[in-house]
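Working notes for the structure below.
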Amino acid sequence: MLKKFQDPPANAAKGDADHASPRHERAALATTASAHFLHDAIADSLYVLLPLWAQAFGLNYTQVGSLKMAYSAAMAVFQMPAGLAAERYGERVLLVAGTMLTGAAFASMAASPGYIGLFCIILVVGLGSAVQHPLASSIIARGYSPDRRRSALGIYNFFGDVGKMVVSFGVAAVAGLVGWQVAVVGYGALVAVASLPLLVVLAHFALGAKHATSRTPSAASVVTSSKDWGVTNARGFTLLSSIHVIDSASRTGTLTLLPFVLIGKGASPSTVGVALACIFAGGAVGKLACGLLADRMGILRTLILTEVATAGILMAAVLAPLAPTMFLMPLLGIALNGTSSVLYRSVTDFVRPDRQARVFGLFYTLGSIAGGSAPLIFGLASDAFGLTHALLALAAIVLVTIPLAIMMRGEFSSADAPVEK
């Protein structure tokens, strides 16, 4: 039975891409964008649930941060193995199984008796979600021609933010009406069931199947690779990953602690849900807008612009009263997520096509480690020095990305000529 969903048909396209026809490209994008919607919605609905759990179970900021860390840590541990396993077994079955596990575990949170139970279940949720980013990105990279791949990855990332916006608002609304337990059971069950049509579509179009034996790489490719990881520009990839680490830390640290800042200003749980939905809506716009902006004004200028905006808007949101802070939420979302869109779309510039699954796994793992550590670190700082000081320090750290971006000048391929305009 599993073989049916793993082996490509006899007429599968040869080369690095699974298929080159428009129908297969659309199928690759539709399935991966749907998976991104489902998984990212779960990841960021945690930000809505954390204040509710803090109130229900009497948690401090450090414990709250550790719950978010559990999710990111599980992703960090299993993203690399997922990318490596995909080279042997294909992305399809792993992506579907991970989606089903994530939904079932998320639903089981409703039965948790307290902090320890939540921590353990969140680890399982993170384990299931670990497959999504590297494998879905790899399916797109293999399913699209190089000249269309960057735009497809941008659309894929956009749908993740749509999921964050829609489901976070829905979870907040349902939790306010009938309790958070009903919210997690309802959405968790939906995700688990949705994994089945994903499997059917991927199998029908022979997407994400076991990799065919790839062409022997050229001598130049072998020389420029990094221990067969397929990294063709180690310096460029290192700088890109360093910016990604800081960007991921700033995002998770902000989204974990900002709801408590809003509550301290008098916001209700439903207002917090609206604020997060506004951030995620802004993030969805930022993913698309910053991708287009990078094509026009250059990748490096776009990175610098979004990071400066993130630091400035975060400082203003922490210090302003509630009403102006709510007005800033969409702008904060644009800045927070705009950077990641540019970063994700740039990974393929530094990697050989036959090693994209494992390098996407590495890239997302680095972000997960940073994203998992930041809530715990800044939770400890908040308990010690207060929320305001912790978030202002986080905003200052964001500015470290600016010299890193400047150092990337000249590291991109000729396809990115707009970078240096």
| remark: Residues of the stretch 339-394 being small (Gly, Ala, Ser) and within 20 Å of the chain's Cα centre (by Cα), in sequence order, are SER340, SER341, SER346, ALA357, GLY361, GLY367, SER368, ALA370, GLY371, GLY372, SER373, ALA374
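When only residues in the stretch 257-296 that are basic (Lys, Arg) and under 24 Å from ALA374 (Cα atoms) count, which is surrounded by the most Cβ atoms within 10 Å (Cβ to Cβ)?
Residues of the stretch 257-296 basic (Lys, Arg): 265, 287, 296.
This time we only want the ones that are under 24 Å from ALA374 (Cα atoms), so: 265, 287.
Values: LYS265: 15, LYS287: 28.
If we take residues in the stretch 257-296 being basic (Lys, Arg) and under 24 Å from ALA374 (Cα atoms), then LYS287 is surrounded by the most Cβ atoms within 10 Å (Cβ to Cβ).
Any chance the stretch 277-284 includes a residue that's in contact (Cβ under 8 Å) with a residue 40 or more places away in the chain and within 21 Å of ALA393 (Cβ to Cβ)?
First pass over the stretch 277-284, keeping only residues in contact (Cβ under 8 Å) with a residue 40 or more places away in the chain: 277-284.
Subset that is within 21 Å of ALA393 (Cβ to Cβ): 279.
Checking the stretch 277-284: at least one residue is in contact (Cβ under 8 Å) with a residue 40 or more places away in the chain and within 21 Å of ALA393 (Cβ to Cβ).
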| remark: Residue pairs within 6 Å by beta carbon, gap of at least six or interchain, first lying in the stretch 263-275 and at negative phi and of a type in the set (Val, Ile, Thr), second buried (at least 19 other Cβ atoms within 10 Å of the Cβ) and at pLDDT 85 or above, listed first then second, are VAL272/PRO259; VAL272/LEU262
| field | Residue list for the stretch 366-384, restricted to those being modelled with pLDDT of 80 or more, buried (at least 24 other Cβ atoms within 10 Å of the Cβ) and of a type in the set (Ser, Thr, Tyr) | value | SER382
| What single numbered condition from (1) at pLDDT below 80; (2) open to solvent by less than 20 Å² (accessible area, probe 1.4 Å); (3) farther than 21 Å from LEU288 by Cα fails to hold for ARG355? | (2)
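How many residues are hydroxyl-bearing (Ser, Thr, Tyr) and under 16 Å from GLY338 (Cα atoms) when one looks only at the stretch 123-163? Spell out the reasoning first.
Start the filter on the stretch 123-163 by keeping residues that are hydroxyl-bearing (Ser, Thr, Tyr), which leaves 129, 137-138, 144-145, 151, 156.
Subsequent filtering for residues that are under 16 Å from GLY338 (Cα atoms) retains 151, 156.
Result for the stretch 123-163: 2.
Of PHE106, PHE159, which residue is closer than 20 Å to LEU255 by Cβ, open to solvent by 30 Å² or more (accessible area, probe 1.4 Å) and of a type in the set (A, V, I, L, M, F, W, C)? Lay out the reasoning, then the answer.
On the way: PHE106 fails: open to solvent by 30 Å² or more (accessible area, probe 1.4 Å).
Matching residue, one of PHE106, PHE159: PHE159.
With the stretch 63-164 as the region, which helices (runs of 4 or more DSSP H) entirely inside it contain at least 1 residues that are modelled with pLDDT of 90 or more?
Here the list reads 91-108, 115-129.
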| request: Only residues that are open to solvent by 10 Å² or more (accessible area, probe 1.4 Å) and either closer than 19 Å to ALA104 by Cβ or free of Cβ contacts under 8 Å to residues at least 24 places away in the same chain (or both): list them for the stretch 162-182, please. | output: VAL167, GLY170, VAL174, LEU177, VAL178, GLY179, TRP180, GLN181, VAL182
| query | How many residues are open to solvent by less than 10 Å² (accessible area, probe 1.4 Å) and either more than 14 Å from PHE363 (Cα to Cα) or among the small types (Gly, Ala, Ser) (or both) when one looks only at the stretch 242-256? | reply | 5
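Conditions tested, residue by residue: (1) out of contact with any Lys or Arg (no Cβ under 8 Å at 6 or more places or on another chain); (2) not small (Gly, Ala, Ser).
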residue	(1), (2)
PHE327	yes, yes
GLY333	yes, no
GLY338	no, no
LEU343	yes, yes
ARG352	yes, yes
ILE377	yes, yes
SER382	yes, no
LEU394	yes, yes
LEU404	yes, yes
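Rundown of residues vs (1) of a type in the set (A, V, I, L, M, F, W, C); (2) open to solvent by 10 Å² or more (accessible area, probe 1.4 Å); (3) part of a helix (DSSP H, G or I); (4) modelled with pLDDT of 90 or more, yes/no style:
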| position | (1), (2), (3), (4) |
| --- | --- |
| LEU336 | yes, no, yes, no |
| THR339 | no, no, yes, no |
| TYR344 | no, yes, yes, no |
| GLY361 | no, no, yes, no |
| PRO418 | no, yes, yes, no |
| task | Can you confirm whether the stretch 306-329 contains a residue that is of a type in the set (A, V, I, L, M, F, W, C), within 26 Å of PHE237 (Cβ to Cβ) and open to solvent by 10 Å² or more (accessible area, probe 1.4 Å)? | result | yes
| request: Starting from the stretch 291-307, take each residue that is at positive phi and list its partners that are in a helix (DSSP H, G or I), counting only C-beta distances under 7 angstrom and pairs at least six apart or across chains. | output: GLY298/PRO418; GLY298/VAL419; GLY298/GLU420
| task | Can you give me the ranges of the helices (runs of 4 or more DSSP H) entirely in the stretch 199-302 with at least 2 residues that are in contact with a strand residue (DSSP E or B) (Cβ under 6 Å, 6 or more places away or on another chain), closer than 25 Å to SER168 by Cα and at pLDDT below 80? | result | none
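The values are calculated or read from the model by the stated rules, or taken from the named source; none is laboratory data. Because the structure is predicted, anything quoted here is derived from the model rather than measured. Ideal geometry is used to build each Cβ from the backbone, glycine not excepted, and the neighbour counts take in all protein chains shown. Ligands, DNA and RNA are excluded from the accessible area calculation, which covers all protein heavy atoms including side chains. Shrake-Rupley method; radii C 1.70, N 1.55, O 1.52, S 1.80 Å.
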